[in-house]
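Engineer: Starting off with a structure, shown below.
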Amino acid sequence: MIITLIVDSYNDKTNGTTMTTRRFAEILMQHGHTVKIAASTVDDVDDDKSFELGIRKTPILYQVAKMQGFIFAKKNKKVIRQAIEGSDIVHFLLPFKAQIYGKKLCDKLGIASTAAFHLQPENITSTIHLNKIQAVNDYIYRHFKKFYNKFNHIHCPSKMIADQLVMHGYKANLHIISNGVSTSFKKLEVAKPRNLQDKFVILMIGRYSVEKRQDLIINAIAESKYEANIQLVLAGRGPWQHHLETLGATLTNKPIFGFYNEEDLINVINTSDLYVHASDAEIEGISCIEAFTCGLVPIISNSKISATSQFAIDEHNLFESGDYLSLKDKIEYYIEHPEEKAKRSEEYLEFAKKYSIDHCVRELEAVFEQAIKEMENKKRG
């Protein structure tokens, strides 16, 4: 197949949708497909398959989005047409201006198209501290629906988000397919750095922002009887870093902040003792899968708008959403039961096999093939 992927940001490797797009593109090419990328800016792609739309710098919106590691692509009609023409299928990763125009053009040219739902409204409203106002989240779902209801097929990374779309009146066929984890993530025998050898290392991976709730981990550690022995590592970057640094300054071992490339991140995971995913809102939570794919046992928020809770094997892998004392108790359980943690680690290594990105991309390919067949039947009349 000749597949065009249209996404706003392709170069920012701190953005979850960007990384999903890049990984899908890589595996699709490994499977023998031709993949074209249309985005605001494009790197690491052959010139004849790279289509740069330019950055849309809407006042205020651009600055706010950029703080969160996101940029919008321009609705560059000429370049979008160049990217789409000759494609067997076009897959849209987000519901913004470039994608809205691209969908109209696909329909006009008779080219099959599918979409993915990667942006949870709560990720937007948390930035402006309105995430607790359900009416605002519902408004965004309704706004996005104008775009998504033009498709027959939508890729949903989790059942939770598929259920939300059904609840909000989305009419397409919803395909629940994990975004998948790179085969690079695996259990390794890696020695802890010397300065951490006597510490119990807790890791969370994710953007530093309000809805990710890294603050809960800091507060849980502060209340723990093992506080002096715990080292928190927060892998990521984002606008909430200063707040988290201030909050963590009272801990015996101040949190370690840093953004890691894939190779270094795999080493960090393999030298950690426990993973915590504290996020209130999450469409899937790939970072959690990456962690337990390396055998790192997770403790996950049971938030109703976080799909990551689906990865809990039993109650010891869940804590009450927003409750740092509940999180403290779960952390202390695993500190005090190392044999249980070792057993659970082996269970997660087996559990992780279903989230192989190769397997997930093959499921997505089947959706593409179905959409192409439907378009061919429509052309025949």
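Engineer: Please find, within the stretch 20-33, the residue that is farthest from SER287 (Cα to Cα) out of those that are touching a residue at least 40 places away in the same chain (Cβ under 8 Å) and buried (at least 18 other Cβ atoms within 10 Å of the Cβ).
Structural biologist: By that ranking, first place goes to LEU28.
Engineer: If you go through the stretch 158-178 one residue at a time, do you hit one that is more than 20 Å from SER309 (Cα to Cα), touching a Ser or Thr at 6+ places or on another chain (Cβ under 6 Å), in contact (Cβ under 8 Å) with a residue 24 or more places away in the chain and not small (Gly, Ala, Ser)?
Structural biologist: Checked the stretch 158-178: no residue is more than 20 Å from SER309 (Cα to Cα), touching a Ser or Thr at 6+ places or on another chain (Cβ under 6 Å), in contact (Cβ under 8 Å) with a residue 24 or more places away in the chain and not small (Gly, Ala, Ser).
Engineer: Against the conditions (1) without any contact (Cβ under 8 Å) to a residue 12 or more places away in the chain; (2) part of a loop (DSSP other than H, G, I, E, B); (3) of a type in the set (S, T, N, Q), where does THR183 fall short? Just the number, please.
Structural biologist: Just one mismatch for THR183, condition (1).
Engineer: Counting only residues that are at pLDDT 90 or above and part of a loop (DSSP other than H, G, I, E, B), how many does the stretch 47-64 have?
Structural biologist: Matching residues across the stretch 47-64 total 2.
Engineer: Hey, another quick one. Only residues in the stretch 101-120 that are surrounded by 20 or more Cβ atoms within 10 Å (Cβ to Cβ) count as the first member; pair them with residues that are hydroxyl-bearing (Ser, Thr, Tyr) and part of a strand (DSSP E or B), Cβ under 7 angstrom, at least 6 apart or cross-chain, and list the lot.
Structural biologist: Cβ pairs passing all conditions: LYS103/SER113; CYS106/SER113.
Engineer: Restricting attention to the stretch 236-275, which residues are closer than 16 Å to THR293 by Cβ, buried (at least 20 other Cβ atoms within 10 Å of the Cβ) and under 18 Å from the mean Cα position of the chain (by Cα)?
Structural biologist: Those that are closer than 16 Å to THR293 by Cβ, buried (at least 20 other Cβ atoms within 10 Å of the Cβ) and under 18 Å from the mean Cα position of the chain (by Cα): LEU265, ILE266, ILE269, TYR275.
To keep it simple, each residue is scored yes or no on (1) outside the structural domain of ILE80 (by TED's automatic domain parsing); (2) part of a helix (DSSP H, G or I); (3) β-branched (Val, Ile, Thr); (4) more than 29 Å from ALA235 (Cβ to Cβ).
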{"position": "SER9", "(1), (2), (3), (4)": "no, no, no, no"}
{"position": "ASP12", "(1), (2), (3), (4)": "no, no, no, no"}
{"position": "THR17", "(1), (2), (3), (4)": "no, yes, yes, no"}
{"position": "THR20", "(1), (2), (3), (4)": "no, yes, yes, no"}
{"position": "GLU26", "(1), (2), (3), (4)": "no, yes, no, no"}
{"position": "GLY32", "(1), (2), (3), (4)": "no, no, no, yes"}
{"position": "ALA38", "(1), (2), (3), (4)": "no, no, no, yes"}
{"position": "THR41", "(1), (2), (3), (4)": "no, no, yes, no"}
{"position": "VAL45", "(1), (2), (3), (4)": "no, no, yes, no"}
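Engineer: Is there a residue in the stretch 183-190 that is modelled with pLDDT under 95, more than 22 Å from HIS277 (Cβ to Cβ), not assigned by TED's automatic domain parsing to the domain that holds LEU296 and not β-branched (Val, Ile, Thr)?
Structural biologist: Yes - at least one qualifying residue is present in the stretch 183-190.
Engineer: So, one more: Among (1) outside any helix (DSSP H, G or I); (2) free of Cβ contacts under 8 Å to residues at least 60 places away in the same chain, which single condition is HIS316 missing?
Structural biologist: (1)
Engineer: Assess whether LYS304 counts as being assigned to a loop (DSSP other than H, G, I, E, B) and under 27 Å from VAL190 (Cα atoms).
Structural biologist: Taking the combined requirement at face value, the residue does not satisfy it.
Engineer: Just for the stretch 325-381: of the residues that are in a helix (DSSP H, G or I) and of a type in the set (Ser, Thr, Tyr), which one is modelled with the lowest pLDDT?
Structural biologist: Among those residues, the one meeting the criterion is TYR355.
Engineer: Just one of (1) modelled with pLDDT of 95 or more; (2) at positive phi; (3) within 17 Å of the chain's Cα centre (by Cα) trips up GLY295, so point out which.
Structural biologist: Going through the list (1) modelled with pLDDT of 95 or more; (2) at positive phi; (3) within 17 Å of the chain's Cα centre (by Cα), GLY295 breaks only (3).
The values are calculated or read from the model by the stated rules, or taken from the named source; none is laboratory data. Predicted model only: the values in this text are computed from it and were never measured. Positions of Cβ are generated from backbone atoms using ideal geometry, with glycine treated the same way; all protein chains shown enter the neighbour counts.
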